[in-house]
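The values are calculated or read from the model by the stated rules, or taken from the named source; none is laboratory data. Quantities reported herein were computed from a predicted structural model and do not represent experimental measurements. Every residue, glycine as well, gets a Cβ built from its backbone with ideal geometry; the counts of neighbours run over all protein chains shown.
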Amino acid sequence: MRWKCGCSYDGTDFAGWQTQSGQLSVQEAIEEALSEIFKQKTRIVGSGRTDAGVHALEQVFHFDFDWAHDPQSLQDAMRSCLPNTIAPLYVESVDDSFHARFSAVSKRYQYRLQFGDASPLNIRYCWPIKGNLDFERITQAADLLTGQRDFAAFAANRGVEYESTVRNITRIDIREDDAYCYMNFEADGFMYKMVRGLVGTLVNVGLGRMTVAEVSDLLHSAERTPMVFVAPAEGLFLEKVFY
């Protein structure tokens, strides 16, 4: 029996989603909880990785187990065994053909900027920005990044070769109020630190440190350079996985 689960988490104290030797990951914490519930070692498969310090409003994973009770009782059992920085959002039975990673068609990430100094209550969940952002220039740069492009210039090296660095960003939405700026990115897939590289670039454009033309040149170069500043992990949230 296959189960599809959604969860949210505060990534501050974790070394990312994926299990890593000698470091606590979100995946490991969930697997330990399920292993305790089922009294046997249980593996889960996530929709993808999030980096150390990155949060999730809704991460999706699946696992196989012949649970004899209803989904709500499984969700309740998970909640009682998980640390309070990880919360199960739902549990549902799915067809065995469902795969948390390979069945996903797109993902949406949100990045949060705070204008000025962040309070101690917010510092774990935003990037404080000092200086005025030019949102007209940011929007122009975001338009260049929307669509099917080769984003090799924005993919950090993880030590493995990508089959392709082409991705289709279907939407970049930017909105701001008196205190915050929210940048939302939706695409058919993202590479290692790609969203944070896009955010860092857009912020540098908004602060006048880069021109829109330089963003265009960088995109077309398809080469990673020090011009791409990777925004801090604290402000990034995996918001939604679409199937």
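The residue list Ser80, Ser106 contains one member that is under 15 Å from Phe242 (Cβ atoms) and not hydrophobic (A, V, I, L, M, F, W, C), which is Ser106. Of all residues in segment 129-142, those that are part of a loop (DSSP other than H, G, I, E, B) and surrounded by fewer than 15 Cβ atoms within 10 Å (Cβ to Cβ) total 4. Candidates in segment 1-22 are the residues that are part of a strand (DSSP E or B) and within 19 Å of the chain's Cα centre (by Cα); of these, the one that is surrounded by the fewest Cβ atoms within 10 Å (Cβ to Cβ) is Gln20.
Annotation note: of Ala100, Ala118, the sole residue that is assigned to a loop (DSSP other than H, G, I, E, B), in contact with a Pro (Cβ under 8 Å, 6 or more places away or on another chain) and buried (at least 16 other Cβ atoms within 10 Å of the Cβ) is Ala118. Kindly evaluate Ala56 against the criterion of being among the aliphatic types (A, V, I, L, M) and modelled with pLDDT of 95 or more. The answer is yes for Ala56. Answer yes if at least one residue in segment 121-128 is over 27 Å from Ser8 (Cα atoms) and surrounded by fewer than 18 Cβ atoms within 10 Å (Cβ to Cβ), and no otherwise. For segment 121-128, residues over 27 Å from Ser8 (Cα atoms) and surrounded by fewer than 18 Cβ atoms within 10 Å (Cβ to Cβ): absent. Within segment 221-243, being exposed (fewer than 14 other Cβ atoms within 10 Å of the Cβ) and free of Cβ contacts under 8 Å to residues at least 60 places away in the same chain holds for one residue alone: Pro226. Val91 satisfies every condition listed in (1) in a strand (DSSP E or B); (2) closer than 19 Å to Glu234 by Cβ except (2). Taking the listed residues Ala77, Ala87, the one that is surrounded by 19 or more Cβ atoms within 10 Å (Cβ to Cβ) and modelled with pLDDT of 95 or more is Ala77, with no other qualifying. Of all residues in segment 52-74, exactly one satisfies the criterion of being in contact with a Cys (Cβ under 6 Å, 6 or more places away or on another chain) and without any contact (Cβ under 8 Å) to a residue 60 or more places away in the chain, namely Phe61.
Scanning segment 103-141 for residues that are farther than 17 Å from Leu238 by Cβ and touching a helix residue (DSSP H, G or I) at 6+ places or on another chain (Cβ under 6 Å) yields Leu133, Asp134, Arg137, Ile138, Gln140, Ala141. Do we have Arg112 as surrounded by 15 or more Cβ atoms within 10 Å (Cβ to Cβ), part of a helix (DSSP H, G or I) and assigned by TED's automatic domain parsing to the domain that holds Ala233 here? For Arg112, the condition - surrounded by 15 or more Cβ atoms within 10 Å (Cβ to Cβ), part of a helix (DSSP H, G or I) and assigned by TED's automatic domain parsing to the domain that holds Ala233 - is not met. Based on what the data block shows, is Gly197 within 27 Å of Phe102 (Cα to Cα) and in contact with a Cys (Cβ under 6 Å, 6 or more places away or on another chain)? It is false that Gly197 is within 27 Å of Phe102 (Cα to Cα) and in contact with a Cys (Cβ under 6 Å, 6 or more places away or on another chain).
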